[in-house]
Structure formats: structure tokens, C-alpha cells
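Undergrad: Mind looking over this structure? Questions follow.
The values are calculated or read from the model by the stated rules, or taken from the named source; none is laboratory data. Remember, it's a predicted structure, so these values are computed and weren't measured experimentally. Counting neighbours? That spans all protein chains shown, and the Cβs are built from the backbone with ideal geometry, glycine included.
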Amino acid sequence: MLRTHTCGQLNSADAGKTVTLCGWVARRRDHGKLIFIDIRDRYGFTQVVFIPKESGEAYKLAQDLRSEFVIKLTGVVNKRPGGTINAKLQTGEIEILAKELEILNPSLTPPFEIEEAAQITEEMRLKYRYLDLRRSKVFNNLVLRSNLYKIIRGYLGKLDFIECETPILTKSTPEGARDYLVPSRLNIGQFYALPQSPQLFKQILMVSGIEKYYQIAKCFRDEDLRADRQPEFTQLDIEMSFVNEEDIFSLTEGLMKLIMKELKNIEIQIPFKRVSYPEAMQKYGSDKPDLRAELKNDFAFCWVVDFPLFKFNAEEKRWESEHHPFTAPAENDLQNLEKAPDKVKSRSYDLVLNGMELGSGSVRIHRQELQEKVFNIIGIEKEEARRRFGFLLEAFQFGAPPHAGVAFGLDRLLAILSGESSIREVITFPKTSAAFCPLTSAPSDVEKEQLKELGITIKGGK
């Protein structure tokens with residue numbers, strides 16, 4: 001290691017030790033015969049003083065230091081003189097009397113100050129995201145994300161879930177939003193799609209006998225953006241065999257209780273309140289009711305249940321799935337499936353937190369004949385169903401178990417936990433509301449030769 005300690009580690013108990021620190025120059029203050037700097041790494045700040053007769057050549061070199069230079073320094077830990085202790089810093093009781101200094105890398109003057117209070121446009125922040133991430137608030141949001149993942153993996157691992165990865169390049173099966181398409185060079189004129197969710201694959205994993213699956217999955221939807229949407233987002237995807245709704249509720253509530261305790265030190269009450277879809281619409285005017293006032297609670301979870309299985313598209317004069325076509329109808333409504341689709345409830349459920357849909361799921365259809373009936377009602381004829389979902393329907397013929405699942409938007413959960421108004425604040429490299437990445441300038445033009453290899457011509461393009 002280049003360093004003996006981090007910049008957030010030392011205190012008065014270390015007085016007298018010779019230490020080596022590495023990090024960035026956060027501030028430099030020249031007091032004539034004394035030069036003070038604050039050196040910063042991911043763990044915190046430490047004050048360093050350079051004195052001509054004590055620091056020697058290091059003092060001369062310190063005159064060249066500027067904000068964001070990367071340095072390595074060696075010195076002796078001293079207790080700060082009385083009245084100069086900084087109680088706001090973990091290292092505020094001490095300072096380092098520098099003996100040696102090495103500039104590992106200089107820095108240009110940053111386009112904005114690496115300060116919490118700095119007023120910076122989002123475009124500028126995202127263009128220089130690597131600088132923005134040095135600010136503690138942004139950095140702490142990423143730490144929160146990392147800690148959330150640890151909790152999820154620990155909780156589900158103890159319950160014998162298997163973490164499985166599913167393909168990113170897959171078949172286009174539109175599920176309510178536009179797919180992102182990827183042309184195939186080896187199969188000219190054909191396309192992969194980026195998955196809107198791992199829906200079909202996780203159901204196939206149940207047919208495979210996995211029984212308990214989860215994945216922290218990247219998902220992609222080509223849709224108009226807003227504060228709680230990004231073209232690529234992360235969800236916790238869960239599927240289980242031989243279960244019903246109550247099993248999903250219990251599993252989810254246990255996980256959320258643990259998350260709130262570990263990340264916010266808040267005890268939440270379970271089970272969560274359940275609100276039927278008709279009640280939600282009549283009483284709250286929304287299928288995402290905000291129950292904070294009704295419950296002190298600053299974090300008000302609830303389940304919304306009893307959704308209709310279908311909704312009628314008046315413009316196209318046809319039935320559509322309220323959630324997705326793999327959702328099972330309520331057992332008591334099966335007799336109405338074909339003669340009165342509007343009276344059929346689904347075995348689906350949404351988890352809502354503070355008026356925001358955090359996740360949704362359902363008991364799935366696991367029998368081929370029922371799946372084909374649902375397809376028929378929403379206007380997907382047998383041939384089209386085979387073309388779009390044939391691999392799933394075929395799998396159902398080989399002993400598919402009853403199964404159910406749920407998926408949660410982790411970006412939305414993190415935004416709520418961190419008190420942010422936009423999910424962009426909790427994503428490492430987000431895109432703007434125009435789906436543009438200022439850091440990399442993506443999306444961008446590509447070389448004509450690349451398009452030629454793919455058999456693609458851009459009309460009106462360059």
C-alpha cells in the first residue's frame with residue numbers, strides 16, 4: 001500500500017506516529033510562513049501543515065499545490081493546539097506535520113468547486129461526473145446503493161435463493177414500452193432487443209426447477225423520461241415456485257423491514273396495509289396511494305391488490321393486459337374469462353411506498369392452455385403467440401410448476417431512502433431527461449463502415 005492510514009482514520013490516540021497519507025488536495029491555505037492543506041480521500045479529510053524549518057523540501061513543493069492535485073505525504077501526527085479543534089471532522093483533533101511530499105499527479109482547475117454547497121447545473125455535473133462523484137453527498141448515495149445490495153444478497157442468500165443472470169441480448173417481446181433494438185452483424189436484417197425485464201427467463205428458470213431465483217438486473221425501456229425514469233434502470237427480480245401471493249408478501253415485507261432497519265435505523269410495522277384497486281381509486285384517486293398522513297409514518301408501505309386482469313383500449317377497440325399477459329386470473333373469476341373479461345380480477349400486486357410504485361408482481365400463468373386463452377382475449381393469435389413467446393409456451397409443456405414473482409425498482413427505493421427527488425441522483429452514470437450522456441456524448445454517430453457491416457442505411461443521416 002502507498003499509505004499507512006486513510007484520511008478519515010487518525011485521531012488524538014495516534015499522536016506521535018509517523019504516517020503516510022494519499023489523496024486529493026481539497027483546500028490550500030497559505031499563511032506566509034505556514035501552508036495548510038486539507039487532504040481528502042473517500043474516508044474523510046485530514047489537515048496537514050507545512051513549516052519551512054520542519055518540512056524542508058516538502059514546504060517548497062507545497063507552494064505549487066492546487067485544488068485536486070493527487071499527492072502522497074509523510075509526516076508526524078500532532079494534536080491540534082487548543083481552540084483549533086474541528087469537531088465537525090472525525091480527524092478534527094489532529095493535524096499532520098508534513099516531512100515529505102510527492103505530487104502523484106497534478107490537476108487542471110476544476111470547472112466547479114468540489115463542495116457540497118456549489119451551485120452546478122445538472123448538465124455540468126454529468127459532463128464531469130468523475131468530479132461530481134468526489135462530492136460527499138453524491139458519493140454517499142453510491143455507498144447507500146452498495147449497502148442495499150449487500151443486504152439484499154445476504155437476506156435472500158440465507159433463504160436459499162439462487163442468484164442467476166439472464167441475457168442482455170434477447171428476443172424482442174414488447175411488454176408495454178418500446179424495446180431498444182440491437183442489429184445483428186452475423187444475421188443481417190435481424191435484431192436483438194435489450195430486456196425490459198427478465199420476465200420470460202425467470203419463468204423458464206422456474207420450469208428448470210430452480211425454485212428460488214433472484215437477480216439484481218439491468219432493464220431497458222425506450223420511453224419518455226422523467227424524474228423516476230431512466231432508459232436503463234436496475235430492479236431486484238424475484239421468482240419462486242410452489243408459492244402464492246402470501247408467500248411473496250411475507251418475503252418482501254421481511255426484506256423491506258431489514259432494509260429500513262439497516263439503512264435508516266427505522267423499525268417499520270409488518271404486515272403492510274393492503275388496499276384493493278377499487279378502494280385506492282375511490283378513496284385516494286390513485287392506484288399509488290400515499291399513506292404517510294394516514295399511517296407517522298415517514299415511510300408508508302402498502303400493497304395494492306385486486307387489479308383487473310384486463311383493460312379496454314377504446315381507441316383500438318380491444319382488450320389489453322392491465323399488467324402483462326403472463327399474470328394469472330383470480331381462481332373465482334375463471335368462469336368469466338372469455339364471456340366477461342371486464343369482471344376478471346388478476347392475481348397481481350403492487351408495492352407502493354410514499355405514493356410511488358416501488359414494485360409489482362403476480363402469480364403467473366403456468367399452464368399452456370390458460371396462457372393461450374389470455375393471449376386470445378388480448379388479440380394475440382396462436383401464430384403470433386408462437387412467434388413472440390414460443391420458447392416460453394413450449395417450456396410450459398414440460399411440467400411447469402405453479403410460480404409467482406415480484407420485481408422492485410431499486411433506483412426508486414434508493415431515491416426515497418436518500419431523500420432525493422430524482423433517481424438520477426442515485427445512479428452512478430445517469431443520463432439526462434433527454435436520454436443523453438454528457439460524459440460520453442452518447443448516443444452518437446457511428447462510422448459508415450459500421451453501418452455497412454450491419455446492412456443499415458440511415459435516411460437523411462450523414
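Undergrad: Filter the range 198-229 for residues that are at positive phi and surrounded by 14 or more Cβ atoms within 10 Å (Cβ to Cβ) and give the result.
TA: Glu211
Undergrad: If we scan the range 89-97, do we find a residue that is within 30 Å of Ala434 (Cα to Cα) and in contact with a Ser or Thr (Cβ under 9 Å, 6 or more places away or on another chain)?
TA: no
Undergrad: So is Asn105 more than 27 Å from Ser12 (Cα to Cα) and in contact with a strand residue (DSSP E or B) (Cβ under 6 Å, 6 or more places away or on another chain) or not?
TA: For Asn105, the condition - more than 27 Å from Ser12 (Cα to Cα) and in contact with a strand residue (DSSP E or B) (Cβ under 6 Å, 6 or more places away or on another chain) - is met.
Undergrad: How many residues does the range 278-293 hold that are of a type in the set (Ser, Thr, Tyr) and buried (at least 16 other Cβ atoms within 10 Å of the Cβ)?
TA: Count: 1.
Undergrad: Still on this structure: Sort out which residues of the range 1-54 are under 15 Å from Glu100 (Cβ atoms), assigned to a loop (DSSP other than H, G, I, E, B) and among the polar types (S, T, N, Q), and write them in order of number.
TA: Residue satisfying the conditions is Thr4 alone.
Undergrad: Quick test for you: out of Lys311, Lys345, pick the one residue that is of a type in the set (Lys, Arg), farther than 24 Å from Met206 by Cβ, under 32 Å from the mean Cα position of the chain (by Cα) and assigned by TED's automatic domain parsing to the domain that holds Ile238.
TA: Lys311
Undergrad: Still on this structure: Just to be sure before I move on: is Lys296 of a type in the set (D, E, K, R), buried (at least 16 other Cβ atoms within 10 Å of the Cβ), in the same structural domain as Pro271 (by TED's automatic domain parsing) and closer than 26 Å to Pro271 by Cα in the structure I sent?
TA: Taking the combined requirement at face value, the residue does not satisfy it.
Undergrad: Could you identify the single residue in Ala434, Ala415, Ala407 that is under 32 Å from the mean Cα position of the chain (by Cα) and either assigned to a loop (DSSP other than H, G, I, E, B) or charged (D, E, K, R) (or both)?
TA: The unique qualifying residue is Ala434.
Undergrad: Of all residues in the range 79-107, how many are out of contact with any Gly (no Cβ under 7 Å at 6 or more places or on another chain) and either of a type in the set (Gly, Ala, Ser) or buried (at least 18 other Cβ atoms within 10 Å of the Cβ) (or both)?
TA: 9
Undergrad: Let me spell it out: the conditions are (1) touching an Asp or Glu at 6+ places or on another chain (Cβ under 9 Å); (2) part of a loop (DSSP other than H, G, I, E, B), and Tyr349 meets all of them except one. Which number is the exception?
TA: (2)
Undergrad: Any residue at all in the range 380-398 that is among the hydrophobic types (A, V, I, L, M, F, W, C) and in contact with a Phe, Trp or Tyr (Cβ under 6 Å, 6 or more places away or on another chain)?
TA: yes
Undergrad: Can you tell me which residue within the range 1-52, out of those that are in the same structural domain as Asp64 (by TED's automatic domain parsing) and of a type in the set (Lys, Arg), is surrounded by the most Cβ atoms within 10 Å (Cβ to Cβ)?
TA: Arg40
Undergrad: Go through the residues of the range 351-372 one by one and say whether even a single one is under 17 Å from the mean Cα position of the chain (by Cα) and either basic (Lys, Arg) or under 18 Å from Glu320 (Cβ atoms) (or both).
TA: Yes, because at least one residue in the range 351-372 is under 17 Å from the mean Cα position of the chain (by Cα) and either basic (Lys, Arg) or under 18 Å from Glu320 (Cβ atoms) (or both).
Undergrad: Here's a check for you: in the range 65-91, which residue that is modelled with pLDDT of 95 or more and assigned to a loop (DSSP other than H, G, I, E, B) is nearest to Ala15 (Cα to Cα)?
TA: The extreme case among them is Thr91.
Undergrad: Next question, about the same structure. Going through Gly419, Gly455, Gly405 one at a time, which residue ends up being surrounded by fewer than 16 Cβ atoms within 10 Å (Cβ to Cβ) and either of a type in the set (A, V, I, L, M, F, W, C) or in the same structural domain as Gln190 (by TED's automatic domain parsing) (or both)?
TA: Gly419
Undergrad: Check the range 168-191 and report whether any residue there is acidic (Asp, Glu) and modelled with pLDDT of 95 or more.
TA: no
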